[in-house]
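The numbers here are math on the coordinates, done by the rules we state, and not lab data. Please read all numbers here as calculations on a predicted model, not as lab measurements. A quick note on method: Cβ atoms are made from the backbone with ideal geometry, for glycine too, and the neighbour counts reach across all protein chains shown.
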Amino acid sequence: MYCLWCDQEIISSVNWGNLMLPPRSLTLCEECEGKLERITGSRCEKCSRKSAEQICSDCQWWSTQKREVLAKNHSIYVYNAFMKEIIAKWKYRGDYVLKKVFEEAFLEAFRKEFGKYKDTVLVPIPLSDARLAERGFNQAEALARQLPIQSKNLLTRTDSEKQSKKSRKQRIAGKNPFIMTETLNKPAILVDDIYTTGTTLRHAAELLRQNGCPKVSSYTLIRG
Amino acid sequence: MVLLLASAFLCFFLLYIPKIHDLSPVFSEESFPEQTFNGQIIGPIEESSSRIQFTLKDTPSNKTYLILYFKNDTTEIARYPHLRTGATCKFQGIPERPDPSTNPGEFDFRNYLASKKITYQVYLESLQEITCTGQNLLHRFYTLRKNITTYLDKRVSTGTSSWMKGLVLGDDSAIEEETIELFQRWSLSHLLAISGLHVGLFVGFLYLVFIKFNVLTKEKAQWLILFILPGYAVVAGGEPSIWRASMMVVCFVILRKLNSTFNYTDVLSFVFISFVILNPYLVYQVGFQLSFLVTFGLLLSQRWIATSNSLIVQGFKISFVAQMMILPMLLHHFYTFQPLSILVNTLIVPYFSLLVIPSMFMFVIVSPFPIIQVLDKIFLMAQNLLLTFLHFLDKHFNYPWTIDGMSIEAVAVYYMLVIWFMYFVQLKHNLKAFFSGTLITVLISYFAAIPYFSSYGIITMLDIGQGDAYVVELPYRRGVFLIDAGAGVTFPERIPTNSKYKKIIQPYLKSRGITKLDAIIVTHKDVDHSGSVNYLAGEYKTDMIIVSDYYEIEQASKDLWAQENIAVHHVKQGDQINVGGQILHVMAPNKDKGSPNENSIVLLTEFGGQSWLFTGDIGREEEKEFINTYEHLSIDVLKVAHHGSSSSSDETFLEQIEPAFALISAGRNNRYGHPTEEVIAGLEKVGAMILRTDKDGAVQFVFNREAGTFYKFLP
């Protein structure tokens, strides 16, 4: 086994956690694995951001805006420098296989956090056609496909400007870029790679709620 | 596939590792004829104040022998320049079987030697009768070790040199026995065994010198270490722990050189398997077992230990894992476990590894310079402080668990629980970890509590040679008491020694988990009956000591007993002694006979529905008085008076009391000829079954309310 990031051979150390278990296939070596930072300790109940407060100031602000459409967001990793590199290589330079790095953690945390949500539909955040053609795959779809419940592409995207090139103000003030192709009357979990300001997810959530969806949460790999 | 491989490995090891218990007669009457030995000296020549010993591999028979030479006295300066490791030697001698243990709990020298592949020993009359030629490379290493030892003795005080020798050369023979026992009680002995810690420091130090001072390139320094480490292992005593540590380093260096990747547990397994294949007997050595278990546990815990940033917490975790890993071994070999030792280790281990051990290595290097005198004094002061602290702990916080080992099934369950426990601990599932931790505690507590739930009592006639020591453990641990606790004496000075106590009485009490004595009954004042009483009184919480009205207690004992808050009772004929509900009737003495033997306390009691008579060392006259006073008394079990001497066991006495069993405690081949043929004949005539320590070793009577059975320790 070789590390998907640094290409060194992976030597799995034996510890109390895996002594009696069959060997797992690993995607990262211990050193690279160690550079990924999980969100641990106290976090914002609403958006998963590392925070000493129960509800972070960001979410407090969101709750002052019209009505809150997103019930909650859950994320796994902190957006540190190493994660930025991985995401860049995966998303922008098309190293599709890197999704495996998060596969296990993404599934495990989903079971723990959303396991009891039966009869819920996953809705990946779509890319615009131009973006999809450029990248070759939709990272949100790739993530959603790893999860055990059904996923429906209910949304399409009209604009093609990259969110990551905009400022916070521009993002929040921007108009809703999504169109809904089908209605849904079940609870939905939006899936995306990263929660930055929460605007994109709220745009999608708003649309879903307007079209009969009773509750919308979101599950993202990273809390930016 | 994995299971198949695992069972194949298991089978291989089960078949490969030889059993060391042999079934040959324990003490055979016949001795072996004198024979010629011709072979090579393997291992170092070891010299102590009383003897010189080495092992020799006899070429014709391909057997290994332990060769011993006892000095005539401690002042004898032995000359043996011809005895060198690797030399080929020739001599005449009589092979003997080494002594097995004859008491429960006693160290078994025969098994110990067997674990080193030695089944016979040979005593040399003089060192000159053996002719040797040649030597090998090992001899140079052993000579180096010896020369460093002698040099250190010259340069620094005895106190400091004993620690330097212990921590750098792995020779703890000069460290005071009291200190070694103190370290043992607090599970600190691993500091005295050269292991990973020392090897790590040694390698680190070499690296520093070679690389920081630009003596060698990194590459060359690594090669050099490859060659130096095995040498250091030999010079530092060659115990399994140091070989384990240095071989692991050697493997790491080689793997690095080959550009191979590896994980630590694989290297440990590889070293383990190679050791066992090279010398299967190693698995029986305590040091080998502890070293590998602790290392394995610590490697598995690396990740868990690294999750804490505080050095103190890390130290605590290390001590904790180490103790958890070896607990069943500690109970099996030493019968005790000190829960508080985990905390003590957390304190002492960093002190040793960061200060003491590095300074010991440094002292060796600076020993030629005058500054060593100053360092010597500072070190002694620090070390005294440490020992004072440990003695303080030992006095006020000494709460060991004493358990006579766990059954093999329980050990398996224990390790399963530990793995389970550590799994949850590592994953931080605190509740589940707490639950499995509780199960571990319950398991251990069960073994600690067994004696308190047992409806069986045990009376043990310990084999302390020529002398008496009976330990009575009542059912449900209602009471534990001794009738006599003799000691050996030196010849010809006849000074009492603590060896019987240390080697036989104390290990037995430990093995039974006894920490408190309800009473010690001393029948009379002779050393072979009373010599170990004060050792017991000093170490065990003792409620009372019972002696006869005519027993004169010397001042030293009086002071000690008063200091330890022990009540002293004097008894005479007609009195009753009650220990934990067990009533003992005092049948004698009723007047002062003017000599200790004749003034012996005679006790009548009942165990397991049998009447027992303990007679101390009374003579024929007292026996006659006994049958005159108690005319119709018959006895089931008689402790034969005076080790079976003809001055006791009068025919009329034996005929009247008609014992079914006769217990005789006499030394093997004792100089008095006890028990005499006359006494044996008398006992046989009345149909008594004779149980004697010189033939049977310790004899135990296991009883409940109605009945009991005798067991001999030796088959």
For region B:167-227, run through the chymotrypsin sites (Phe, Trp or Tyr not before Pro) and keep only the ones in DSSP coil with at most 11 other Cβ atoms within 10 Å of their Cβ.
B:213
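Do any chymotrypsin sites (Phe, Trp or Tyr not before Pro) in region B:380-467 lie in a DSSP loop with no more than 13 other beta carbon atoms within 10 Å, and if so, which? Numbers along the way, then the final one.
Working: sites: B:389, B:392, B:397, B:401, B:414, B:415, B:420, B:421, B:423, B:424, B:434, B:435, B:446, B:447, B:452, B:453, B:456; in loops: B:397, B:456.
Here the sparse-neighbourhood loop sites are B:397.
Taking 45 Å as R0, compute the FRET efficiency from the Cβ-Cβ separation of residue A:58 and residue B:263 and round it to 0.05. Intermediate results must be reported in sequence, preceding the final value.
Numbers: r = 43 Å, r/R0 = 0.96.
Using R0 = 45 Å, I get an efficiency of 0.55.
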Roughly how big is the protein assembly as shown's charge dipole about its Cα centre, with Cβ charges of +1 (Lys, Arg) and -1 (Asp, Glu), in debye to the nearest 20?
7660 debye
Tell me, in nm to one decimal, what length is gained between residue B:399 and residue B:278 on full extension, where the rule is 0.36 nm per residue of separation less the Cα-Cα distance?
39.5 nm
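Counting GluC sites (Glu not before Pro) as exposed when in a DSSP loop with at most 16 other beta carbons within 10 Å, what is the longest stretch of chain B free of them? Working shown, then result.
Working: sites that count: B:29, B:30, B:34, B:76, B:125, B:176, B:493, B:552, B:554, B:564, B:631, B:706.
Value returned for the longest uninterrupted segment is B:177-492.
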Calculated [θ] (222 nm, deg cm²/dmol) that DSSP helices of n ≥ 4 give over chain A, each run adding -39,500 (n - 2.57):
-8500 deg cm²/dmol
Between residue B:353 and residue B:49, what is the FRET efficiency for a Förster distance of 35 Å, r being their Cβ-Cβ separation, to the nearest 0.05?
0.65
Tell me, in nm to one decimal, what length is gained between residue B:62 and residue B:578 on full extension, where the rule is 0.36 nm per residue of separation less the Cα-Cα distance?
179.8 nm
Dividing the helical contributions, -39500 (n - 2.57) per DSSP H run of n ≥ 4, by the residues of chain B yields a 222 nm value, nearest 500 deg cm²/dmol, of -14000 deg cm²/dmol
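Where in chain A is the longest stretch that carries no GluC sites (Glu not before Pro) classed as loop by DSSP and with at most 16 other Cβ atoms within 10 Å? Working shown, then result.
Details: sites that count: A:37, A:45, A:53, A:68, A:161, A:182.
Looking at chain A, A:69-160 is the longest stretch - no exposed GluC sites (Glu not before Pro) with at most 16 other Cβ atoms within 10 Å.
Under the rule a/c < 1.5 gives rounded, and otherwise a/b versus b/c splits prolate from oblate, where does region A:37-223 land using the Cα gyration tensor? Numbers along the way, then the final one.
Details: a/c = 1.15, a/b = 1.03, b/c = 1.11.
Here region A:37-223 falls in the rounded category.
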Of A:186, A:91, A:169, the one that fluctuates the most in a GNM where chain A has Cα springs shorter than 10 Å:
A:169
Springs between alpha-carbon atoms under 10 Å, Gaussian network over chain A: tell me which of A:67, A:111, A:209 tops the mean-square fluctuations.
A:67
Would you mind checking the tilt of helix B:264-278 against the longest principal axis of the Cα atoms of chain B, expressed as 0 to 90 degrees and rounded to 10?
60 degrees
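Give me the net charge of residue B:708's neighbourhood, meaning all other residues with Cβ under 12 Å from the Cβ of residue B:708; Lys, Arg count +1, Asp, Glu -1. Kindly include the intermediate steps, with their values, before the conclusion.
Values: positive: B:705; negative: B:606, B:636, B:706.
That sum, taken over residues with Cβ under 12 Å, equals -2.
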Helix B:371-396 versus the longest principal axis of chain B: what angle, 0 to 90°, nearest 10, using Cα atoms?
50 degrees
Among A:207, A:21, A:143: highest mean-square fluctuation, GNM of chain A, C-alpha pairs under 10 Å
A:21
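Out of region B:244-289, which trypsin sites (Lys or Arg not before Pro) are coil in DSSP terms and have no more than 10 other C-beta atoms within 10 Å? Walk me through the numbers before you get to the answer.
Details: sites: B:244, B:256, B:257; in loops: none.
Within region B:244-289, no trypsin sites (Lys or Arg not before Pro) qualify (loop, at most 10 other Cβ atoms within 10 Å).
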On C-alpha positions alone, give me the angle between the axis of helix B:357-366 and the longest principal axis of chain B, in degrees, nearest 10.
70 degrees
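To the nearest 20 debye, what charge dipole does region A:37-223 have about its Cα centre, counting +1 at the Cβ of each Lys and Arg and -1 at the Cβ of each Asp and Glu?
Taking the Cα centre of region A:37-223 as origin, the dipole is about 320 debye.
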